[in-house]
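Asker: Sharing a structure, written as structure tokens. Questions coming.
The values are calculated or read from the model by the stated rules, or taken from the named source; none is laboratory data. Keep in mind the model is a prediction, meaning the values are calculated, not measured. Quick reminder, even Gly has a Cβ in these numbers, built from the backbone with ideal geometry, and neighbours come from all protein chains shown.
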Amino acid sequence: MSDDPFSQIGMATPIFGFSHCRDVVAAVSKAGGVGVYGAGLHSDEQIAIDLKWIEEQVGNLPYGIDLLMPSKYVGSESGGLSGTQAKAAIPSEVTDFLDDMMVRYQVPDAVGGEPEDEFTALGGQRYSAAQAQGILDLAFASKAKLLVSALGTPPAEVVARAHARGMIVAALAGAVKHALRHAAAGVDIVIAQSYEAGGHTGEIGGMVLTPLIVDAIAPVPVLAAGGIADGRQMAAALALGAKGVWCGSVWLATAESDLLPVVKRRLVESAAEDTKRTRAMTGKPSRLLRTAWVDEWERSDTPDPLPNPLHAVAIGPYVTRIEKAAASPSATYDRGPGALAPTAAGQVIGLVTEESSCRQVMMTMMTGCVDAVDAVQELLEAQ
Ligand SMILES: Cc1cc2nc3c(=O)[nH]c(=O)nc-3n(C[C@H](O)[C@H](O)[C@H](O)COP(=O)(O)O)c2cc1C
């Protein structure tokens with residue numbers, strides 16, 4: 001464990017910006033925070049291209065890489081589930097349901113009948129130690145200052161390899177028991193991911209989760225994640241004992257974000273209650289924008305989502321088809337493929353009411369944080 005992981009990372013402001021989109025990552029780092037590239041949904045080839053591009057953009061400024069490290073990574077030398085085995089395990093009632101959904105929402109067939117990209121067709125999941133190894137090798141060959149484990153405690157050899165390279169290791173935790181496991185494994189920073197957050201979440205809100213984790217793993221520093229889009233929320237997170245904030249949803253509606261325009265429009269017009277914690281995307285509970293995709297899976301007369309990673313394998317080619325069709329400039333979010341197009345998003349989208357830029361978000365957050373602290377001080381002095 002590093003004595004002061006934040007000075008080792010060397011950022012100007014304690015704002016960490018998670019995104020699968022390399023433009024957002026570079027913009028957050030260039031604005032003084034730490035952009036963190038979500039590698040989980042990309043092929044190894046794409047990750048290599050994106051990391052090179054990010055490094056050209058940010059120069060010596062810090063950035064990070066976030067991996068969906070399979071928890072069965074340790075000892076999975078046998079190779080785990082192959083893509084072919086996983087595909088064979090998908091029940092026909094699920095593919096029938098998906099085929100019917102494509103017809104009902106007028107989603108065109110994939111060109112040539114099969115998705116061109118094997119990785120996308122497999123739902124962006126890595127099934128074996130060997131596949132996860134490729135992504136780790138890319139991370140270790142990069143100039144990233146931070147390696148983040150999205151799901152589960154990183155294996156001891158991964159932590160050791162990162163530390164030997166001078167990289168800081170962080171991991172997301174939705175409950176105190178996860179945070180304790182991370183800290184025991186030598187993780188340098190724990191990210192307390194609360195119920196409100198977009199993506200995989202637990203069931204505890206940030207007002208409770210952040211101080212619980214801060215107390216449980218002190219002196220290991222904590223970042224607060226979930227429900228943070230402005231300076232008031234940042235000030236609250238710091239007051240709860242977090243050393244900084246980790247945001248995901250607030251970048252989705254920025255000019256840099258590669259989210260489909262039709263989904264961006266829907267997002268800025270959505271309210272805080274328009275998200276749902278559901279298994280509809282990965283088979284594990286994660287918070288999504290409540291599009292028709294979520295409603296279809298949540299209906300009582302449709303199949304239950306499959307366990308992870310089978311769900312991602314089942315839906316991968318269909319989501320690719322939906323996204324291709326929803327990318328059309330004529331797509332709208334009230335019907336057809338644009339109504340289905342899924343994205344993870346947190347409750348905080350209720351505060352995101354217009355398109356902005358990453359730099360603007362960060363400046364507003366920093367000044368808003370200072371203003372909020374001043375306001376609290378004035379309030380207390382007036383008592
Ligand atoms: C579109 C989207 C995709 C996400 N994917 C991942 C991921 O692959 N890995 C990860 O560690 N967290 C992921 N998250 C969670 C974020 O890292 C972050 O913890 C969360 O967005 C914070 O809460 P907020 O959405 O309220 O800002 C995702 C979040 C969003 C919105």
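Asker: Please indicate, with yes or no, whether at least one residue in the stretch 195-207 is crowded, with 19+ Cβ neighbours inside 10 Å, within 11 Å of the ligand (Cβ to nearest atom) and among the acidic types (Asp, Glu).
Answerer: Within the stretch 195-207, one or more residues are crowded, with 19+ Cβ neighbours inside 10 Å, within 11 Å of the ligand (Cβ to nearest atom) and among the acidic types (Asp, Glu).
Asker: Of the residues that sit in the stretch 1-25 and are away from the ligand (no atom under 16 Å from the Cβ) and free of Cβ contacts under 8 Å to residues at least 40 places away in the same chain, which one is nearest to the chain's Cα centre (by Cα)?
Answerer: In this case the residue turns out to be Ala12.
Asker: For the stretch 274-295, name all the residues that are in a loop (DSSP other than H, G, I, E, B) and in contact (Cβ under 8 Å) with a residue 40 or more places away in the chain.
Answerer: Ala280, Met281, Thr282, Lys284, Pro285, Thr291 - these are the residues of the stretch 274-295 that are in a loop (DSSP other than H, G, I, E, B) and in contact (Cβ under 8 Å) with a residue 40 or more places away in the chain.
Asker: Based on this model, can you work out whether Ala312 counts as under 20 Å from Asp99 (Cα atoms), modelled with pLDDT of 95 or more and not assigned by TED's automatic domain parsing to the domain that holds Ser194?
Answerer: no
Asker: May I ask you to list pairs of residues, at least six apart or on different chains, whose Cβ atoms are under 8 Å apart, with the first in the stretch 54-66 being free of Cβ contacts under 8 Å to residues at least 60 places away in the same chain and among the charged types (D, E, K, R) and the second being more than 16 Å from the ligand (Cβ to nearest atom) and assigned to a strand (DSSP E or B)?
Answerer: Filtered contacts from the stretch 54-66: no entries.
Asker: Tell me, yes or no, whether the stretch 113-133 has at least one residue that is under 30 Å from Ala242 (Cβ atoms), among the aromatic types (Phe, Trp, Tyr) and either at pLDDT below 95 or surrounded by fewer than 22 Cβ atoms within 10 Å (Cβ to Cβ) (or both).
Answerer: no
Asker: Count, please, the residues in the stretch 211-241 that happen to be of a type outside the set (Lys, Arg), outside any loop (DSSP other than H, G, I, E, B) and away from the ligand (no atom under 12 Å from the Cβ).
Answerer: Residues flagged as of a type outside the set (Lys, Arg), outside any loop (DSSP other than H, G, I, E, B) and away from the ligand (no atom under 12 Å from the Cβ) within the stretch 211-241 amount to 13.
Asker: Using the structure shown, decide if Ser257 is in a loop (DSSP other than H, G, I, E, B) and within 14 Å of the ligand (Cβ to nearest atom). Spell out the reasoning first.
Answerer: Working: in a loop (DSSP other than H, G, I, E, B): yes; within 14 Å of the ligand (Cβ to nearest atom): yes.
Yes.
Residue-wise test of (1) buried (at least 21 other Cβ atoms within 10 Å of the Cβ); (2) touching a strand residue (DSSP E or B) at 6+ places or on another chain (Cβ under 8 Å).
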{"site": "Val262", "(1), (2)": "yes, no"}
{"site": "Arg266", "(1), (2)": "yes, yes"}
{"site": "Glu273", "(1), (2)": "no, no"}
{"site": "Arg277", "(1), (2)": "no, yes"}
{"site": "Ser286", "(1), (2)": "no, yes"}
{"site": "Asp301", "(1), (2)": "no, no"}
{"site": "His311", "(1), (2)": "yes, no"}
{"site": "Lys324", "(1), (2)": "no, no"}
{"site": "Asp334", "(1), (2)": "no, no"}
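Asker: Within the stretch 150-185, restricting attention to residues that are at pLDDT below 95 and outside any helix (DSSP H, G or I), which residue is surrounded by the most Cβ atoms within 10 Å (Cβ to Cβ)?
Answerer: Top of the filtered list is Pro154.
Asker: Checking Ile322 against (1) over 14 Å from Met101 (Cα atoms); (2) part of a helix (DSSP H, G or I); (3) not basic (Lys, Arg), which single condition isn't satisfied?
Answerer: Ile322 satisfies all of (1) over 14 Å from Met101 (Cα atoms); (2) part of a helix (DSSP H, G or I); (3) not basic (Lys, Arg) except (1).
Asker: For the stretch 134-149: of the residues being over 9 Å from Met69 (Cβ atoms) and not in a helix (DSSP H, G or I), which is nearest to the chain's Cα centre (by Cα)?
Answerer: Among those residues, the one meeting the criterion is Val148.
Residues checked against (1) over 15 Å from Ala89 (Cα atoms); (2) out of contact with any helix residue (DSSP H, G or I) (no Cβ under 9 Å at 6 or more places or on another chain):
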{"site": "Ala292", "(1), (2)": "yes, no"}
{"site": "Asp295", "(1), (2)": "yes, yes"}
{"site": "Glu298", "(1), (2)": "yes, yes"}
{"site": "Asp301", "(1), (2)": "yes, yes"}
{"site": "Pro305", "(1), (2)": "no, no"}
{"site": "Asn308", "(1), (2)": "no, yes"}
{"site": "Ile315", "(1), (2)": "no, no"}
{"site": "Thr320", "(1), (2)": "yes, no"}
{"site": "Ser328", "(1), (2)": "yes, no"}
